[in-house]
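The block underneath contains the structure these notes are about, expressed in structure tokens.
The values are calculated or read from the model by the stated rules, or taken from the named source; none is laboratory data. None of the values given here were measured: they were computed from a predicted structure. Here the Cβ positions follow ideal geometry from the backbone for every residue, glycine too, while neighbour counts run over all protein chains shown.
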Amino acid sequence: MRTALQHDLAESSNEGALLKRIKDGERELFYKLVQPYEQRVYAAALSILRNEAEAEDAAQEAVLKAFKHIGQFRAEAKFSTWLLQITINEARMRRRKQLAHAMEPIADQPTEDGEYVPRDFADWREIPSETLERREIRDALMKALATLGEKYREVFVLRDMQRLSIEETAKILDISTASVKTRLLRARLMLRDLLSPGFGGGWTTKLSFAKGNKPWE
Amino acid sequence: MGVNCEKVWRESSNYIDGDVSAELRKAIEEHAQGCSRCAAVLSGLKNIVQIYGDERMSDVPLGYGQRLHRRLEEDMHPARRGFMGWMVAFAASILVGGTFEVAKSASVGPQRVSQHSQPAFRKIPPGLRVLVSLGGKIFHLPICSTINNRATAVAMTAQQAIQDGYTPCPRCLRKYLQVG
């Protein structure tokens, strides 16, 4: 039976082989290389731009840039990390242009100094999975996420929505793992405070009468 | 080891991620048993992670993959751009004409694709038993907490799911998706 390590090695050699063939001229294979990551690329762009059309455009541009510069990709890095770094840079550049155009200050983010103290201590009912079937709830969740500062949104999307590791998130955003953890803590606490009025009552009372979902139970 | 509320809040995110020592974990849990405020913070955080991690929160716009593919094609073969424009218009007219036929079909699922066109999925053991639910695009391990419409889920092998065009759940199948 093959071990997980053998699977990993086989997979990286598959992707490595694909990369070699693309660099050797089989350019049509590039889409095959990118396809498993296209959802992540879009989500990363959306986390910064907060607009679906803009995010899709930025995602396309990032993939095209990766294609044009594939010769510069070094095999010691992960392709997915490299691709997401290009995406984040593309989205940030567009965001800066938007802000400059709107004559808004770029440094509009709160600092990481000082601790974030939770404001709401209401116990949440367990959130039933069916809740997400409701479009207005998904919209409310995305709206809450959009109100976070960019640096918190980026970390939260990569870590909690795209399920990347702390280390991968740090590498893509070019920050330390300690910063990832600090920003993630703040993002999660802020979202919890923002959403407490809904999930503490209105959104779930008709759907579930379960008690709060205790992590230790 | 005793902890106060501030310490619990500071470590709450690491606690949810399982990134605290056994001693600290025990201390946090003992504290939360007697502190309703910290209990509310921890349960709320867990819910946040769970709900935003659901696949339905990471949908891409309809047709996004196709548009991306088309743009890449145009970039690779600029000379074909004009021709492609006509082809797209032609395909659109066929699509409109065929809509009624498609609407009649009861089988609406992901497009069948070759397993070999998805290199990142190959490390998933082909015989692994997975679940897919009606109308979903993702396959899961049976223990996964993010399965949408679990009541409609059907079991199949991972190989079959990939061939049928389903993609692996980034949460429960994460360990197979680490690509080097």
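A few remarks follow.
- There is no residue in segment A:8-22 that is within 29 Å of B:MET57 (Cα to Cα), surrounded by fewer than 21 Cβ atoms within 10 Å (Cβ to Cβ), at pLDDT 90 or above and under 24 Å from the mean Cα position of the chain (by Cα).
- Checking A:LEU184 against (1) under 17 Å from B:LYS46 (Cα atoms); (2) at pLDDT below 90, the condition it does not meet: (2)
- Looking only at segment A:153-200, and only at residues there that are of a type in the set (Ser, Thr, Tyr) and free of Cβ contacts under 8 Å to residues at least 40 places away in the same chain, the one that is surrounded by the most Cβ atoms within 10 Å (Cβ to Cβ): A:THR169
- Selection within segment B:4-37: residues that are farther than 17 Å from A:ILE166 by Cβ and in a loop (DSSP other than H, G, I, E, B). The member of this set that is farthest from the other protein chains (Cβ to nearest Cβ) is B:ASN4.
- Qualifying positions in segment B:133-160 - assigned to a strand (DSSP E or B) and among the aliphatic types (A, V, I, L, M): B:ILE138, B:VAL154, B:ALA155, B:MET156
- Selection within segment B:166-180 - surrounded by 14 or more Cβ atoms within 10 Å (Cβ to Cβ), within 12 Å of chain A (Cβ to nearest Cβ) and not β-branched (Val, Ile, Thr): B:PRO168, B:CYS169, B:PRO170, B:ARG171, B:CYS172, B:LEU173, B:TYR176, B:LEU177, B:GLN178, B:GLY180
- Hey, B:PRO126 within 14 Å of another protein chain (Cβ to nearest Cβ) and either at pLDDT 60 or above or assigned to a helix (DSSP H, G or I) (or both) or not: yes
- Segment A:126-152, residues that are over 13 Å from B:ASP54 (Cα atoms), among the aliphatic types (A, V, I, L, M) and either more than 11 Å from chain B (Cβ to nearest Cβ) or surrounded by fewer than 17 Cβ atoms within 10 Å (Cβ to Cβ) (or both): A:ALA140, A:ALA146, A:LEU148
- Residues that are without any contact (Cβ under 8 Å) to a residue 12 or more places away in the chain, more than 8 Å from every other protein chain (Cβ to nearest Cβ) and farther than 19 Å from B:GLY136 by Cβ, drawn from segment B:50-72: B:GLN66
- Selection of segment A:32-48 for residues being facing chain B (nearest Cβ under 7 Å) and basic (Lys, Arg) yields only A:LYS32.
- A single entry from A:LEU141, A:LEU195, A:LEU158 fulfils the requirement of being farther than 22 Å from B:VAL20 by Cα and in contact with a helix residue (DSSP H, G or I) (Cβ under 6 Å, 6 or more places away or on another chain): A:LEU195.
- For A:GLU168, the criteria (1) modelled with pLDDT under 80; (2) within 14 Å of the chain's Cα centre (by Cα) hold in every case but one, which is (1).
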